[in-house]
Amino acid sequence: MSRFWSPLVHSLTPYVAGEQPTMSGLVKLNTNESPYGTSPRALTAISEATDDRLRLYPDPTARRLREVIAVRHDLDPDQVFAGNGSDEVLAHIFHALLNHEEPLLFPDITYSFYSTYCRLYGINFRRIPLDENMQVRIEDYLQPCGAIILPNPNAPTGIARPLSDIETLIRQHPDQVVAIDEAYVDFGAESAIPLVKETS
Ligand SMILES: Cc1ncc(COP(=O)(O)O)c(C=O)c1O
């Protein structure tokens, strides 16, 4: 089968997922699993949606979902993008917004998918070392670049930068895309959503 793969796919190194234990009763916090059980409201919403409408094609713009998320975060629905998990949204971001002549900057220790997406989409990138305390040093990102992507908190260190640092980064790069990946923001970091509101 591999003889049908493109040269690009041949050159990729497959992503190796973290350990996936299968013992029952284990909650994997590293994959955002909830230790509190499924929300009864989520279960009700899912069962209410599981009827004859399943045979229909869904709304391709996910309008209703984007409206609800917008209300929750005090945004405009047009400022919300819906995808199948963060990885798909990241794929669109890398492909559409982060591919420039100058390198894309991200930490040397970070979500390992970033470099995989760069290779997949042919994006020039530069890894910026964390400091001796495993922290992202914002000053190191105040340099010419094509774009920046930063998880906040960073993964897998779990260490977050304050919103003021993110604001500095954005103000210093008015002509570049600065993507803040908040996959783990609910575990304890300030969301950059207020900055979206401020600049819109
Ligand atoms: C920083 C970061 N962003 C995104 C993801 C992907 O999340 P999802 O499972 O929602 O695709 C991960 C998964 O480990 C991650 O660490």
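Tabulated results
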| read-out | value |
| --- | --- |
| Percent breakdown of C-alpha pair distances by 5 Å bin, ordered from the shortest bin, for region 113-177 | 3, 14, 26, 26, 21, 9, 1 |
| Cα-centred dipole magnitude for region 84-199, charges only on beta-carbon of K, R (+1) and D, E (-1), debye, nearest 20 | 180 |
| ³J(HN,Hα) computed for each position of region 152-166 - Karplus, 6.51 cos²θ - 1.76 cosθ + 1.60, integer Hz, glycine/proline x | 9, x, 5, 10, x, 6, x, 9, 9, 9, x, 4, 4, 5, 5 |
| Per-q log10 I(q)/I(0), region 51-194, q = 0.12, 0.14, 0.17, 0.20 Å⁻¹ (Debye; single scatterer per alpha-carbon; no solvent) | -0.54, -0.72, -1.01, -1.33 |
| Exposure proxy order (Cβ contacts within 10 Å, fewest to most) of D78, D87 | D78, D87 |
| Long-range HN-HN contacts of M134 with modeled amide H, under 5 Å | none |
| Sequence of F4, F81 once ranked by neighbouring C-beta atoms within 10 Å, starting from the fewest | F4, F81 |
| Charge sum, other residues only, whose C-beta stays under 11 Å from R137's C-beta, Lys/Arg counted +1 and Asp/Glu -1 | -4 |
| Amide H contacts under 5 Å for E190, placed H, 5+ residues apart | L163 |
| Contour excess over end-to-end distance, with Cα ends at V71 and A17 and 0.36 nm allotted per residue | 16.0 nm |
| Isotropic mean projected area of the C-alpha convex hull, region 36-82 (nm²) | 4.3 |
| Segment H10-T44, length gained on full extension (0.36 nm per residue, minus Cα span) | 7.8 nm |
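Readers should treat all values here as calculations from the given coordinates under stated rules, not as data from a laboratory. This one's a predicted model, so the numbers in the text were calculated from it and none came from an experiment. Don't worry about glycine lacking a Cβ; one is built from the backbone with ideal geometry, like all the others, and counts go over all protein chains shown.
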